[in-house]
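The values are calculated or read from the model by the stated rules, or taken from the named source; none is laboratory data. Since we're looking at a predicted model, the values are computed, not measured. No Cβ is skipped: glycine too gets one built from the backbone with ideal geometry, and neighbour counts run over all protein chains shown. Protein only, heavy atoms only, side chains kept; ligands, DNA and RNA dropped before computing areas. Shrake-Rupley method; radii C 1.70, N 1.55, O 1.52, S 1.80 Å.
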Amino acid sequence: MTLAYTADDFDADRHVSPDDALARLKEGNRVYVEALDHERDLSPARIQELFERGQQPFATVVTCSDSRVVPEHLFMAGLGELFVIRVAGNVVGPLEAASVAYACAHLHTRLLLVLGHTHCGAIKAALSGERGAVAPLTERIASAIGAVDDPYEASVLNTRAALADLRRCPEIAALEEASELSLRGAIYHTHCGVVDFLE
């Protein structure tokens, strides 16, 4: 069955509160983990609607490039619902911060989620001191995790560091200070599909 989007449905995504956006992500992950049927609209009609009206995602997600970590699937989101920035190790540099600022300021997403994950190759490389071509990545992660050697704790610290980096962007900080944006962190468990939202 194809979901039919009306103008009201489409415009509603832009006005989702941070709490409602987080609830949608949590419910989507519950459906994903329980492997329940879920109808995401990937239809030609939805593609045309997004082309004609533009995107109005309800959340921005910064996550790792790992092929197992696909926010649209983990949260059972359809086309046009999430603005996703993917980079190995979910690290935040100037380009990632600029992408987030664009999504939050121009597309008016009110929830910004940094999503780390377990069994992350970038975290493992940083923990093992790998350098060479990946040094810009591993050095940034190593700085975030300090002397921690537990991979899960390292993923949490790395996610929190990305949030701190995003808060250093004046546009993002201003949106958060004005209560127009909520920043959250989470960890995806690659062995079971569950997303733990960090406090």
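Return the long-range amide H neighbours of L111 (sequence gap of 5 or more, or a different chain), with a cut-off of under 5 Å between placed amide H atoms.
It is T60, S182, by chain and number.
Please work out the Cα convex hull volume for the stretch 98-199 and give it in Å³ per residue.
112 Å³
Of the heavy-atom accessible surface of the chain (probe 1.4 angstrom), what whole percent is carbon and sulfur?
54 percent
Compute the helix-to-body angle for 151-167: its Cα long axis versus the longest principal axis of the chain, expressed 0 to 90° and rounded to tens.
Once rounded, one gets 70 degrees.
For the chain, evaluate the Debye formula with one uniform point scatterer on each Cα (no solvent term) and list log10 I(q)/I(0) at q = 0.12, 0.14 Å⁻¹, rounded to two decimals.
-0.60, -0.80
Counting only heavy atoms of the protein chains, get the accessible area per residue of the chain (1.4 Å probe) and round it to a whole Å² value.
Spelled out: the 1.4 Å probe surface of the chain, per residue, equals 49 Å².
Output the 0 to 90 degree angle, nearest 10, between the alpha-carbon long axis of helix 94-106 and the longest principal axis computed from the alpha carbons of the chain.
It is inclined by approximately 20 degrees.
Let's see if you can work this out: charge +1 on each Lys and Arg Cβ, -1 on each Asp and Glu Cβ, no other charges. What is the dipole magnitude of the stretch 81-199 about its Cα centre, in debye to the nearest 20?
220 debye
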